1. Among the residues of the stretch 213-231, what is the count of those that are at pLDDT 85 or above and small (Gly, Ala, Ser)?
2. Within the stretch 153-190, track down each residue that is farther than 30 Å from Leu218 by Cβ and either of a type in the set (Val, Ile, Thr) or touching a Cys at 6+ places or on another chain (Cβ under 9 Å) (or both).
3. Looking at the stretch 29-64 only, could you name the residues that are more than 30 Å from Lys130 (Cβ to Cβ) and in contact (Cβ under 8 Å) with a residue 24 or more places away in the chain?
4. Identify, by number, the condition in (1) within 17 Å of the chain's Cα centre (by Cα); (2) closer than 16 Å to Ile191 by Cα that Val115 doesn't meet.
5. Of (1) of a type outside the set (Asp, Glu); (2) in a strand (DSSP E or B); (3) over 18 Å from Thr161 (Cα atoms); (4) touching a Phe, Trp or Tyr at 6+ places or on another chain (Cβ under 8 Å), Thr39 satisfies all except one. Which?
6. State all residues of the stretch 166-185 that are in a strand (DSSP E or B) and either loosely packed, with under 12 Cβ neighbours inside 10 Å or free of Cβ contacts under 8 Å to residues at least 60 places away in the same chain (or both); if no residue qualifies, say none.
7. Please go through the stretch 204-218 and pick out each residue that is crowded, with 18+ Cβ neighbours inside 10 Å and not aliphatic (A, V, I, L, M).
Amino acid sequence: MICPDALIKSMREKGYNIIRIPSSGHHPLDLVGRMNGATDTIASLSDLRSSSNPQLPHIESNISAVDIGNTRSSSVKFGIGIEILQIVLKALGGALGVEFGFTDARKMQFEAKNVLIDKARPVDVADFVKYCYYNQPNSLINKYLMEGELFIVTEILKSKTLSVKFEKEDGVNAKIDIPAIEQIISGNITIDTSAKSESVLTFSGETPVVFAFKCYALGFDGTGNWELQAVKDGSVPAAVADSPTEPQGVLLGEPGLLRLGRGAF
C-alpha cells in the first residue's frame, strides 16, 4: 500500500499520488496545501462555502476499483518491509510486535486487495469553486493562496486488506510460523492464511485505509474568480471545466512516496 517501484509507477501513470503513511483520515474534497517543501491537508472544501454556494459536490463512495490495475509492489528488503507492515497495521487498527522470528524471509512484497474508490467528479468540483470566496486575510487558507499552492482532492483509493508475500533472498518462498505471528499481532486485525502459497499472509482491519489520491490545483481565471485547474510541469494551467474529458490529476512532488501531513486541520 505504500511500497516503492512497481506500485508507484503504476499509480502515477493514472494520476494518483501515493501516500507515504496511509491513514483513514483522508477524503475527497480535502484541501491540500504545499509550501516550503511540505504538503499538508489543511482544510475541507466546505470551509469555502458561502450563503450563495450550491450544495457541495456529491461524493460517490465504495466504488469497486476493477480497472485500477496493478496494486502490487516490487520486493523490498525484509527490514524495510517490516517497517511498512507495522505502519499499515497501525493504520488498520492493529499493531505488530518486535519479535520477527516467525519467518526466514529476506524480502517482502505487498499488494492492496479489494481496493475501493471514493470520488467527486472533477467537473462538479470545478462548477462549485466558481461560487466560492474566502474573505479571511489572516487565515491559513489565505496564507497558502498567497505564499504556496492549494489543491483539492477529488478521488481516493482505499483498502482494508493487505496481502504480504515473504521471500528468501533468491525469490524462493519463505517459511512462515503462523502461531508465532499470531502471538505478536494485536488490535482489530485478522489474518487469512488460505492463500495458495504458504508464503503469503493477508491482513485485514475494520477501517479502510487511504493510500493514494487524485487532486487538482485551485487557481484563478482571467477575471479573478477561482477555478479548478489541471497542471503539468512546464505547461499552462488548464481549467478542468473546459476539458471535454476528465484530465489527469496533479502529481505532487518528485516520483516516490508523498509525505502528506494533517497540518492544523
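1. Result for the stretch 213-231: 1.
2. Initial filter on the stretch 153-190 (farther than 30 Å from Leu218 by Cβ): 160-190.
Within the stretch 153-190, Thr161, Val164, Val172, Ile176, Ile178, Ile181, Ile184, Ile185, Ile189, Thr190 qualify.
3. Our first condition is that a residue be more than 30 Å from Lys130 (Cβ to Cβ); within the stretch 29-64, this holds for 37, 64.
Hit for the stretch 29-64 is Ser64, nothing else.
4. Against the list (1) within 17 Å of the chain's Cα centre (by Cα); (2) closer than 16 Å to Ile191 by Cα, Val115 comes up short only on (2).
5. (4)
6. Taking the stretch 166-185 first, the residues in a strand (DSSP E or B) are 166-167, 173, 176, 185.
Within the stretch 166-185, just Asn173 meets the criteria.
7. Going through the stretch 204-218, the residues crowded, with 18+ Cβ neighbours inside 10 Å turn out to be 204-205, 208-218.
Passing the criteria: Ser204, Gly205, Pro208, Phe211, Phe213, Lys214, Cys215, Tyr216.
One line per residue, one yes/no per condition, for (1) touching a Pro at 6+ places or on another chain (Cβ under 8 Å); (2) at pLDDT 90 or above:
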| position | (1), (2) |
| --- | --- |
| Gly101 | no, no |
| Arg106 | no, yes |
| Val125 | yes, yes |
| Gln136 | no, no |
| Pro179 | no, no |
| Val200 | no, yes |
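The values are calculated or read from the model by the stated rules, or taken from the named source; none is laboratory data. Model, not experiment: these values are computed from the prediction. Every residue, glycine as well, gets a Cβ built from its backbone with ideal geometry; the counts of neighbours run over all protein chains shown.
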